[in-house]
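Visitor: Okay, here's the structure, questions in a sec.
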Amino acid sequence: MGRNGAARQDQGPAFWVNLKAFKIDATLVTYGDFRRYVTETKYVTSAEKNGYVLAAFEGMGEYEWKQLKGASWRAPYGTDKAAAWPMQEDFPVTAISWNDANAYCRHYGKRLPTEAEWEYAMRAGSQGTRFPWGDATRDKNGKYLLNYWQGRDHKHNPNDDGYMYLSPVKAFPPNAWGIHDPAGNVWQYTADWYGPFDDKEKTNPRGPETGTLKVARGGSWWCSFHACNAFGLYYRGKSLPDAPFSNNGFRCASP
């Protein structure tokens, strides 16, 4: 995992790890999945407790986030935009925190994947490339292979990939192991606390024992080549465990 010669020091060095066998969900947890979970458990998310989501949408500045009051996983861009951008059952759930994702997985006898498990599964046997299929965002016929922001800035998105914000969890082809959205769409929470890679920890690495920020990987629809540039298998995102962002989601692993 990791890579050598990266512009960001936290992406390296590259090192081999040994992992115990595990399973990981083929798709991100969807809005429909999470809706059923909330109906069953009456769970209240961090955004609902805090009263806001950290949101971004077309027309905002680079690296700008808005504390959007009243937004939640039900309406991640705010209630005033809910009619224009309604959530679909097969969209990945978003506007949830790491704490929310962890609670969901544990309820179903699962867990969040470690950062090493996540990278191994998303790479699907590939090595050294930005995406599991290579370094290009489109196939040889020009068809987009993932959901990311095509605009030169965040004032406008031409939607060349077909989506302004979220896309259905099976909208794009899976990797070689049948896993959808290995990059783009939403950031994906992992179990690890954020910190430098420990290249001496080669068997089932789990990151630092403690920390203040949790690692997320993969990038999201908000990432572009001109700002953030984080979509892919290298970049390591991070956030507070109780921070709900409108471009973060998750998938579960087991055992």
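The values are calculated or read from the model by the stated rules, or taken from the named source; none is laboratory data. What you see is a predicted model, and the numbers here were worked out from it, not measured in a lab. We place every Cβ from the backbone using ideal geometry, glycine too, and count neighbours over all the protein chains shown.
Visitor: Residues to consider are Ala95, Ala116, Ala82, Ala103; find the one that is aliphatic (A, V, I, L, M) and under 13 Å from Ile24 (Cα atoms).
Guide: Only one candidate qualifies: Ala116.
Visitor: Can you tell me which residue within region 131-149, out of those that are in contact (Cβ under 8 Å) with a residue 24 or more places away in the chain and either closer than 21 Å to Tyr189 by Cβ or aliphatic (A, V, I, L, M) (or both), is surrounded by the most Cβ atoms within 10 Å (Cβ to Cβ)?
Guide: That would be Trp149.
Visitor: Yes or no: Thr190 β-branched (Val, Ile, Thr), within 16 Å of the chain's Cα centre (by Cα) and either crowded, with 20+ Cβ neighbours inside 10 Å or in a loop (DSSP other than H, G, I, E, B) (or both)?
Guide: Yes; evaluated as a whole, the condition is true for this residue.
Visitor: Sticking with this one: Hey, can you tell me all the residues within region 216-230 that are of a type outside the set (Ser, Thr, Tyr), within 9 Å of the chain's Cα centre (by Cα) and either part of a loop (DSSP other than H, G, I, E, B) or closer than 21 Å to Ala47 by Cβ (or both)?
Guide: Ala216, Gly218, Gly219
Visitor: For the condition of a type in the set (A, V, I, L, M), outside any strand (DSSP E or B) and closer than 27 Å to Gly51 by Cα, what is the one hit in Leu233, Leu166?
Guide: Leu166
Visitor: Among the candidates Ala14, Ala6, Ala21, which residue alone is among the aliphatic types (A, V, I, L, M), in a loop (DSSP other than H, G, I, E, B) and in contact (Cβ under 8 Å) with a residue 40 or more places away in the chain?
Guide: None of the other options fit; the residue is Ala6.
Visitor: Which residue is modelled with the highest pLDDT, if the candidates are limited to region 194-204 and must be in contact with a strand residue (DSSP E or B) (Cβ under 8 Å, 6 or more places away or on another chain) and assigned to a loop (DSSP other than H, G, I, E, B)?
Guide: Tyr194
Visitor: May I pose another question? Among the residues of region 86-116 satisfying the criterion of being over 22 Å from Tyr37 (Cβ atoms) and not β-branched (Val, Ile, Thr), which is farthest from the chain's Cα centre (by Cα)?
Guide: Ala116
Visitor: Continuing with the same structure: State which residue pairs qualify: first residue touching a residue at least 24 places away in the same chain (Cβ under 8 Å) and among the hydrophobic types (A, V, I, L, M, F, W, C) and inside region 237-252, second residue part of a strand (DSSP E or B) and surrounded by fewer than 24 Cβ atoms within 10 Å (Cβ to Cβ) in any location, beta carbons under 6 Å apart, and separation of 6 or more residues or different chains.
Guide: Phe245/Leu54
Visitor: I'd like to know if region 178-191 contains one or more residues that are without any contact (Cβ under 8 Å) to a residue 24 or more places away in the chain and within 21 Å of Thr27 (Cβ to Cβ).
Guide: For region 178-191, residues without any contact (Cβ under 8 Å) to a residue 24 or more places away in the chain and within 21 Å of Thr27 (Cβ to Cβ): absent.
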